[in-house]
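The values are calculated or read from the model by the stated rules, or taken from the named source; none is laboratory data. The structure presented is a predicted model; accordingly, all values stated were derived computationally and were not measured. Here the Cβ is made from the backbone with ideal geometry for all residues, glycine too, and neighbour counts use every protein chain on show.
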Amino acid sequence: MESSLEIRFHGRGGQGVVTAANLLAEAAGLDGLFSSAFPIYGAERRGAEIESYCRISDSQIRETSPIEEPDVVVILDPTLLKISNPLKGLKKDGKIVLNWKGNPPVSGRIFLVDATGIAMELKLVKSGWPLVNILMLGALVKAVGVPSLDSVKKAIDSEFSGNVAELNKRAVELAYESTREVKEIVA
């Protein structure tokens with residue numbers, strides 16, 4: 001791993017953006033890395049745009065400010081690309097992990113996974129919303145290699161139990177296996 005990794009998650013209230021960042025931080029800790037996770041959101045309501053952040057490092061993390069120039073942007077809800085700019089500040093060599101099926105609507109170093117399709121297939125749905133947050137962690141691990149997929153599964157076990165934990169571990173594996181990098185030259 002590089003000395004540090006800054007990840008910014010974008011989604012909507014109710015999609016588990018905060019849970020995803022927290023589980024990522026916990027999984028990084030299980031791998032012996034330092035980590036911190038925290039959200040930023042306005043009105044707490046279902047469907048509102050939410051950002052959550054996670055820092056992972058080989059050394060102690062003292063910074064607690066929002067991540068303005070992320071190494072990685074994870075977009076749980078692709079409709080946000082039409083109403084805001086989740087890619088703002090992304091480092092020149094940064095990675096985009098996107099819940100998308102087909103050709104991506106953005107350019108750069110993109111890792112795609114049809115998290116919505118996998119969630120629907122596995123019946124990971126709550127109040128009509130596909131639960132894609134855990135799946136996006138599988139895609140993120142595929143894109144950056146940190147933390148290990150095993151540690152993500154252990155973090156899932158600490159958050160969920162029984163069939164819910166098993167279903168989420170299967171989902172993270174499917175997302176990991178399904179994620180593909182789009183090699184696109186940006187003009």
Does A175 satisfy being in a helix (DSSP H, G or I), farther than 16 Å from F9 by Cα and in contact with a Pro (Cβ under 8 Å, 6 or more places away or on another chain)? no
Within region 69-89, residues being at pLDDT below 95, over 18 Å from F111 (Cα atoms) and of a type in the set (D, E) number 0
Name every residue in region 135-172 that is in a loop (DSSP other than H, G, I, E, B) and touching a helix residue (DSSP H, G or I) at 6+ places or on another chain (Cβ under 9 Å), in order of residue number. V146, P147, S148, F160
Residue among E121, E181, E159, E177 that is touching a Phe, Trp or Tyr at 6+ places or on another chain (Cβ under 8 Å) and acidic (D, E): E181
